[in-house]
């Protein structure tokens with residue numbers, strides 16, 4: 001008989017772009033192949049910026065062993081949240097330092113205003129958590145995780161997808177990490193970060209990650225059809241340093257008088273001044289994404305906030321050079337292991353990294369990165385880890 005698992009994640013759906021959301025979807029697919037029946041508990045929102053009720057409330061059956069149950073969100077104003085963030089940072093966090101209750105209240109208000117605020121999801125967990133053999137929570141940052149985990153009475157796994165940012169240091173988060181029975185970090189760097197902030201939870205943190213698919217070669221893409229471009233995949237926003245990427249790339253094109261392009265594939269969350277050298281593709285499906293990776297000169301990840309970076313691992317697994325932001329400790333770890341992962345810290349480094357990627361790497365250098373990814377992040381390794389924990 002299959003064990004019943006719930007996966008709590010802030011958004012869910014094939015139309016949604018996001019690292020934690022993709023991780024949750026991949027994990028649901030992996031665990032439902034045998035041993036487990038999966039119910040995803042999520043909200044009716046598509047966008048983390050608006051937290052609107054875009055999708056129908058209620059249960060949706062995906063297949064025989066996977067279903068999604070969506071709960072309404074009580075929408076809050078982003079302007080009010082922006083104002084409250086400043087108020088908490090500059091006033092309340094200092095004023096309430098000696099009062100645990102008032103500090104807790106201020107941090108709770110932060111989470112409610114940030115969203116997604118879904119009291120009905122929490123009520124469902126309080127009433128029904130004993131019906132599940134275990135519940136897996138994504139990501140540490142959200143109301144659904146903090147108050148959902150506090151409401152459960154069964155085995156719990158927290159996948160925090162943590163970055164070093166202000167809310168990670170909240171007292172309310174420390175209670176949440178203490179409550180979780182297991183904590184699965186995506187990388188050694190993330191485990192180091194969590195252990196540094198809260199040493200007493202170190203023993204229950206395991207580095208697990210997510211399966212990285214081996215992208216098959218597309219026989220219809222001949223060598224002559226290879227693209228003369230670098231590829232960025234993901235949300236296009238200042239939070240991901242997309243503005244820095246576009247600025248640096250345009251500067252490099254002018255300085256080198258190059259015909260190489262930058263292709264941006266993903267959801268454009270903010271407007272940026274593009275150019276003939278920067279091509280916006282929009283959101284792409286899995287097949288088109290794989291073809292874009294295979295045909296590219298390499299991938300670029302300018303984000304400084306990563307807990308794993310599936311895109312970087314997919315590039316490595318596809319034997320492509322990957323240019324990464326050295327400000328991310330997670331990405332910097334990859335660069336320290338493999339010459340085909342090149343870190344930049346400023347424009348000069350970025351320009352040199354593009355030149356190196358175009359010059360190319362040996363098969364041996366590219367193979368070492370690919371082999372490591374496929375060994376560390378294989379479906380069988382990760383499935384067996386979960387099965388052993390959840391047995």
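Students often get this wrong: which residues of the range 326-340 have the backbone nitrogen under 13 Å from the point 7 angstrom along Cα-to-C-beta of residue 362?
339-340
Can you order the peptides 177-186, 162-171 by their average number of other Cβ atoms within 10 Å per residue, highest first?
For the peptides 177-186, 162-171, the packing ranking is 177-186, 162-171.
Do you know the relative contact order of the chain, to the nearest whole percent, from alpha carbon pairs under 8 angstrom that are 6+ apart?
Computed over the chain, the figure is 12 percent.
Send over the per residue convex hull volume for the range 26-153, Cα only, as a whole number of Å³.
Here the figure is 116 Å³ per residue.
Using packing as a proxy for protection, rank 239-246, 120-127 so that the peptide with the highest average count of other Cβ atoms within 10 Å comes first.
Going by the mean number of other Cβ atoms within 10 Å, highest first, we get 239-246, 120-127.
Using the count of nearby Cβ atoms within 10 Å as a rough guide to exposure, how do 156, 202, 145, 14 rank from fewest to most?
Details: 156 22, 202 13, 145 25, 14 8.
So the ranking, lowest neighbour count to highest, is 14, 202, 156, 145.
In 10 Å bins starting at 0, how do the alpha-carbon pair distances of the range 128-238 split up by percent?
Bins of 10 Å from zero give 12, 36, 24, 15, 11, 3 percent of pairs.
Any idea how far the Cα center of the range 264-342 sits from the one of the range 117-171, in Å?
Computed from Cα coordinates, the inter-centre distance equals 30 Å.
On the Cα set of the range 223-376, report Rg and Dmax in Å, please.
Cα radius of gyration and Dmax of the range 223-376 are 14.2, 40 Å respectively.
For the Cα atoms of the chain, what angle does the longest principal axis make with the long axis of helix 286-295, in degrees from 0 to 90, nearest 10?
Once rounded, the angle reads 30 degrees.
Here, each number is a calculation from the coordinates, and none is a lab measurement. As the structure is a prediction and not an experimental result, all values here were calculated from the model. Backbone-built Cβ (ideal geometry, glycine too); neighbour counts: all protein chains shown.
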